[in-house]
Amino acid sequence: MQRGALLDAARTLLSEGGTEALTFPALAERTGLARSSVYEYFRSRAAVVEELCAVDFPVWAAEVEAAMERAGTPEQKIEAYVRRQLGLVGDRRHRAVVAISAGELDAGAREKIRAAHGGLIAMIIEALAALGHDQPRLAAMLLQGVVDAAVRRIELGAAENPDEITEAAVGMVLRGVRG
């Protein structure tokens, strides 16, 4: 129960203040635990981050995968992949994952994040292959780059509203840069 409360507090801290806000004193304050108690659950800030990735990323990925499974054609699957990821931007779990991936982390935490992203990219490869891409893995990585750029644009509170950013990203991945 305490571990879950610590993770929830970590999500809040990350989504409100980024990686700088994730400190053991702040976790202790948010949960009402003594700072020494936080160390009983996690040996370091990186350990908190790794556990958040292990817990939250699969939930997020499952939502993307479920949206894709409801779609019929390869194009609809690609659209669902983009829309669901961008739809999750406002979710606290997503904001925490974005804050984590933007931060300075140790090699182990960065590797876990890369592996999780690799699983996300793997979801879209089949749809791209069905469209006839010669290099569906490369296309998937580039497509994810468009999604990542749209996520950053939404997170920054850009001049465009999130729906406009989502529509532009969907249009770009489905039609390319032809407009």
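The values are calculated or read from the model by the stated rules, or taken from the named source; none is laboratory data. Because the structure is a prediction, the values reported are computed rather than measured. In this analysis, Cβ positions are derived from the backbone assuming ideal geometry, glycine residues included, and neighbour counts consider all displayed protein chains. Note: accessible area is taken over every heavy atom of the protein model, side chains too, but ligands, DNA and RNA are not part of it. Shrake-Rupley method; radii C 1.70, N 1.55, O 1.52, S 1.80 Å.
Data table
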| read-out | value |
| --- | --- |
| Charge dipole magnitude, Cβ of K and R +1, D and E -1 - region 134-179, Cα centre, debye nearest 20 | 200 debye |
| Gain in span if fully extended, residue 161 to residue 111, counting 0.36 nm per residue against the direct Cα distance | 14.7 nm |
| Whole-number accessible area per residue in Å² for the chain, which is evaluated in the context of all protein chains at 1.4 Å | 53 Å² |
| For region 129-154 and region 2-61, distance of Cα centres in Å | 31 Å |
| The chain - mean residue ellipticity at 222 nm from DSSP helices (-39,500 (n - 2.57) per run, n ≥ 4, rounded to 500) | -26000 deg cm²/dmol |
| Total charge dipole magnitude, region 104-178, about the Cα centre, Cβ charges on Lys, Arg, Asp, Glu only, Debye to nearest 20 | 220 debye |
| For the chain, the spread of Cα positions along each principal axis, largest first, Å | 56, 32, 28 |
| Portion, in percent, of the accessible area of the chain that falls on carbon or sulfur, probe 1.4 Å | 53 percent |
| Whole-Hz ³J(HN,Hα) from phi, Karplus 6.51 cos²θ - 1.76 cosθ + 1.60, for region 7-18, glycine and proline x | 5, 5, 5, 4, 4, 4, 4, 5, 6, 8, x, x |
